[in-house]
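Peer 1: Got a structure here, written out as structure tokens. Questions coming.
The values are calculated or read from the model by the stated rules, or taken from the named source; none is laboratory data. Predicted, not measured: the structure shown is a model, and the values here were computed from it. Here the Cβ positions follow ideal geometry from the backbone for every residue, glycine too, while neighbour counts run over all protein chains shown. Calculation scope for accessible area: heavy atoms of the full protein, side chains included, ligands and nucleic acids excluded. Shrake-Rupley method; radii C 1.70, N 1.55, O 1.52, S 1.80 Å.
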Amino acid sequence: MDDFRSLAGNIFAVWFSVVLVFIMLPSMFGMSLGISEVYMKILVKMLEWATLRIQKGFEEQKKLRMVASNVIIQRDELPMEEEIVGLRQSRSQCLQRGDFELSDVFYFSKKGFEAIVEDEVTQRFSSEELISWNLLTRTNYNFQYLSLRVTLIWVLGVFVRYCILLPLRVTLATIGISWLVVGATLVGQLPNGRVKNWFSENVHLVCCRICARALSSAIQYHNKENRPKKGGICVANHTSPIDIIILANDGCYAMVGQVHGGLMGVIQRAMARACPHVWFERSEMRDRHLVTKRLREHVFDKEKLPILIFPEGTCINNTSVMMFKKGSFEIGGTIYPVAIKYDPQFGDAFWNSSKYTMVKYLLRMMTSWAIKCNVWYLPPMTRQEDEDAVQFANRVKSAIAKQGGLIELPWDGGLKRDKVKNSFKEEQQKNYSKIIVGANNEFQKKE
């Protein structure tokens, strides 16, 4: 028994020493020993080999293009008026009458069938398809064949991910969260001032870097000269809860959110002692004026960290950017847009909260190959005199979508759980009524 305890102690000592020397210390100082780069190169070579082996099993599909897409139907991206006019022009009466035409029904029927087969909203709340199989769970329709060699590689990958990477990542995550709680609590005892702010920022930065290493994250930051500054608001597209870790790995932010209980509550209270984050009680979250007031007070204090906000309000699947809620753009101050784009080849960062709990999601993250992403800091933007909050939000959203190569959609991310608002239905009804009224006016002028 003593020999067993001694062996276990030696293994633990060696394990902790390796983690400390080769991962924790470099991450604390923002350095890299090149291990992650070599790991990523090996992954790329392995996935390329697996793809070629799978393709060889598809003799009849060798001429197919390797294009991953969820698209089932091809849509006509034309305004309602143009499509209805086109349908009417196929009839002899065209637009000579402004009344309702029976052919108009075909437009609404077509849109209804498209929504039933594949609407452009709900598909943004499911994982995007891959160009090739990444030896994880998900695969693409074009790659169903598995050879014996690929199967053996997959089994080896399961062993590496669950028996080596998972324990290592759990160890790092535990250390990072523990240090955040302890460090933030100790810093919170210091008097307010520059010294406390300096310690607080470094504690947050170091702990987030350790947590980022716990996900084997490979992050490229672009245009660092545009990084958010104090007294501003950082807004970004939202794919995953780890977006916070990805951004905080390169700078410190003040978080905004609802007060939680349990472990999350312990972390929030510790962070609040060291840094002025903005946490709200559940009842306060419903008071829009109170939320706006507290956020405005934070923003106009140039000594406080920039606020990090995800205006979509929910996670989207890394392919699109949905409607930005206007609240963040009514506060005032400078907006610092940030675009985040994950590489799904090494792991699916999207959190489908309706399918996975937070624990299951984190398990998926820690058993994936890696989390690779690009982060672009866009030039700061301010609200123009002739803009309202909605127009400003749409301008910022367009800039983020363009930089990240994401599809820009006008829909509210709340449709993930809620029904379509009546305002959306009324908007379509108004557009159609304008066509009818406009045609009637034109007919009356000719009379």
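Peer 1: If I ask for residues that are open to solvent by 10 Å² or more (accessible area, probe 1.4 Å) and under 28 Å from Arg296 (Cβ atoms), which ones from region 219-248 would you list?
Peer 2: Within region 219-248, Asn223, Lys224, Glu225, Asn226, Arg227, Pro228, Lys229, Lys230, His238, Pro241, Ile244, Ile245 meet the criteria.
Peer 1: I'd like to check something: does region 329-339 contain any residue that is in contact with an Asp or Glu (Cβ under 7 Å, 6 or more places away or on another chain) and open to solvent by less than 40 Å² (accessible area, probe 1.4 Å)?
Peer 2: No, the conditions are met nowhere in region 329-339.
Peer 1: Give just the number: which of (1) closer than 22 Å to Ile219 by Cβ; (2) part of a loop (DSSP other than H, G, I, E, B) does Gly313 not satisfy?
Peer 2: Every condition holds for Gly313 apart from (1).
Peer 1: Please name all residue pairs, on different chains or six or more residues apart, with Cβ atoms under 8 Å, provided the first residue is in region 150-169 and is open to solvent by 80 Å² or more (accessible area, probe 1.4 Å) and the second residue is hydrophobic (A, V, I, L, M, F, W, C) and not in a helix (DSSP H, G or I).
Peer 2: Listed by first residue and then by second, the contacts come to Trp154/Leu135; Trp154/Leu146.
Peer 1: Here's a follow-up. Any residue at all in region 190-213 that's in contact with a helix residue (DSSP H, G or I) (Cβ under 9 Å, 6 or more places away or on another chain) and aromatic (Phe, Trp, Tyr)?
Peer 2: Yes; the residues of region 190-213 include at least one that is in contact with a helix residue (DSSP H, G or I) (Cβ under 9 Å, 6 or more places away or on another chain) and aromatic (Phe, Trp, Tyr).
Peer 1: When region 386-406 is examined, which residues are found to be closer than 18 Å to Thr292 by Cβ and part of a loop (DSSP other than H, G, I, E, B)?
Peer 2: Glu387, Asp388
Peer 1: State the number of residues belonging to region 391-402 that are open to solvent by less than 70 Å² (accessible area, probe 1.4 Å) and either hydroxyl-bearing (Ser, Thr, Tyr) or under 20 Å from the mean Cα position of the chain (by Cα) (or both).
Peer 2: 8
Peer 1: Also, quick follow-up: Return the residue satisfying two criteria in turn: it lies in region 193-208 and is in contact with a Leu (Cβ under 9 Å, 6 or more places away or on another chain) and free of Cβ contacts under 8 Å to residues at least 60 places away in the same chain, and of such residues it is most open to solvent (accessible area, probe 1.4 Å).
Peer 2: Once the filter is applied, the top-ranked residue is Cys208.
Peer 1: Please give the number of the condition Pro379 fails out of (1) modelled with pLDDT of 90 or more; (2) in contact with a helix residue (DSSP H, G or I) (Cβ under 9 Å, 6 or more places away or on another chain); (3) in a helix (DSSP H, G or I).
Peer 2: Evaluating Pro379 over (1) modelled with pLDDT of 90 or more; (2) in contact with a helix residue (DSSP H, G or I) (Cβ under 9 Å, 6 or more places away or on another chain); (3) in a helix (DSSP H, G or I) leaves (3) as the failure.
Peer 1: Follow-up question, since we're still on this one. State all residues of region 324-364 that are in a loop (DSSP other than H, G, I, E, B) and under 15 Å from Ile245 (Cα atoms); if no residue qualifies, say none.
Peer 2: So in region 324-364, the residues in a loop (DSSP other than H, G, I, E, B) come out as 324-325, 330-334, 344-357.
Across region 324-364, the qualifying residues are Ala349, Phe350, Trp351.
Peer 1: Condition check: within 13 Å of the chain's Cα centre (by Cα) and among the acidic types (Asp, Glu). Does Asp388 satisfy that?
Peer 2: So Asp388 does not fit the description; no.
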